[in-house]
Amino acid sequence: MKIACLQMNITFGDPEANYDRAANFLKKASDAGCELAVLPELWTTGYDLTRLDEIADKGAERAKSFLAHAAKMYGMHIVGGSVANDTGSGVKNTMIVVDKTGHVIHEYSKLHLFRLMNEEKYLIDGDSDGLFELAGEKMAGFICYDIRFPEWFRKQVLNGARILFVPAEWPLARLDHWRTLLIARAIENQAYVVACNRSGSDPDNQFAGHSIIVGPWGEVIAEAGESEEILIGDVDFKAIDEIRRRIPVFEDRRTAFY
Ligand SMILES: O=C(O)CCC(=O)C(=O)O
């Protein structure tokens, strides 16, 4: 499966500009023959949390209809990053997944809110998991800070997830954590990790870019630089089975002890 991470810049608090940019990136991913495209975290608004009253998407309806339209037009699955989703009783940081026929097949809201960027003051946390199925394979979504919680990843992998998607707005200051944690999540779970970060900056942070596709052996299949880029890599599900046979981590777990 040919996958694209749409490592775009995000204009702070300006959904119109960001929808235009995302439309352009999605077209380019489709032109490149990609079967699935991934957007970054909060790609419609960025971290303009103090203006969520004005700019959060009610029920994420605009994002859903935009993503469904693009998916159908291009015949391409989309892991739609995440958007500020005004649920009516608080704003969630919600990932939307649409299949290539334009159906919304899953929503996942960020489980772990990141205090260092004041998320807990403006957002409410999710309460369900990110597991979904596309093209006959189980996959799961996580959002940014979630990568610091290996137990959350393990749970989804034990439930069958074989590609682990991570949209993010990860700051450049902790680029080494980003790479190390993502590679570790791939190695320990013997699964693909497809992580799409944003590029550029906002009033508080310079973001790292470095979207990355990591294979189940921990090998870096593709990695972006810091600037805007469409990162493309191939995922081969057979590699997962081969690696799990070589080192049978899942059979060797001592679940009586943990
Ligand atoms: O965990 C980190 O260092 C960064 C997390 C983050 O930026 C986020 O969750 O938005």
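The values are calculated or read from the model by the stated rules, or taken from the named source; none is laboratory data. Owing to the predicted nature of the structure, the values given are computational and were not obtained by experimental measurement. FYI the Cβ positions are ideal-geometry reconstructions off the backbone, even for glycines, and counts take in every protein chain you see. Heads up: the accessible areas ignore ligands, DNA and RNA and are worked out on the full protein's heavy atoms, side chains in. Shrake-Rupley method; radii C 1.70, N 1.55, O 1.52, S 1.80 Å.
Just one of the listed residues (33, 13) is at positive phi, open to solvent by less than 40 Å² (accessible area, probe 1.4 Å) and either at pLDDT 95 or above or part of a loop (DSSP other than H, G, I, E, B) (or both), and it is 13.
Under the condition of being in contact with a helix residue (DSSP H, G or I) (Cβ under 8 Å, 6 or more places away or on another chain) and either within 14 Å of residue 187 (Cα to Cα) or aromatic (Phe, Trp, Tyr) (or both), the residues counted in region 213-258 number 9. Here the condition is being within 15 Å of the ligand (Cβ to nearest atom) and under 30 Å from residue 241 (Cα atoms); of 182, 116, it holds for 182 alone.
Quick check on region 191-203. Is at least one of its residues touching a residue at least 40 places away in the same chain (Cβ under 8 Å), among the basic types (Lys, Arg), within 13 Å of the ligand (Cβ to nearest atom) and under 25 Å from residue 9 (Cα atoms)?
Step one: of region 191-203, the residues touching a residue at least 40 places away in the same chain (Cβ under 8 Å) are 191-192, 194-200, 202-203.
The next check asks that each one be among the basic types (Lys, Arg); those that pass are 198.
Restricting the remaining residues to those that are within 13 Å of the ligand (Cβ to nearest atom) gives 198.
Narrowing further to those that are under 25 Å from residue 9 (Cα atoms): 198.
Yes, the conditions are met somewhere in region 191-203.
From the list 53, 129, 99, the one residue that fits, being away from the ligand (no atom under 13 Å from the Cβ), over 16 Å from the mean Cα position of the chain (by Cα) and surrounded by fewer than 24 Cβ atoms within 10 Å (Cβ to Cβ), is 53. So which of 169, 151, 120 is among the acidic types (Asp, Glu) and outside any helix (DSSP H, G or I)? After ruling out the rest, the residue left standing is 169.
Of all residues in region 203-258, exactly one satisfies the criterion of being hydroxyl-bearing (Ser, Thr, Tyr) and either surrounded by 15 or more Cβ atoms within 10 Å (Cβ to Cβ) or on the phi > 0 side of the Ramachandran plot (or both), namely 211.
Can you give me the number of residues within region 48-104 that are assigned to a helix (DSSP H, G or I) and either of a type in the set (A, V, I, L, M) or in contact (Cβ under 8 Å) with a residue 60 or more places away in the chain (or both)?
Of region 48-104, the ones assigned to a helix (DSSP H, G or I) are 49-55, 61-74.
In the following step, the residues that additionally are either of a type in the set (A, V, I, L, M) or in contact (Cβ under 8 Å) with a residue 60 or more places away in the chain (or both) were identified as 49-50, 52, 55, 63, 67-68, 70-71, 73.
So the count comes out to 10.
Restricting attention to region 147-170, the residues that are crowded, with 24+ Cβ neighbours inside 10 Å and either without any contact (Cβ under 8 Å) to a residue 12 or more places away in the chain or within 13 Å of the ligand (Cβ to nearest atom) (or both) add up to 6.
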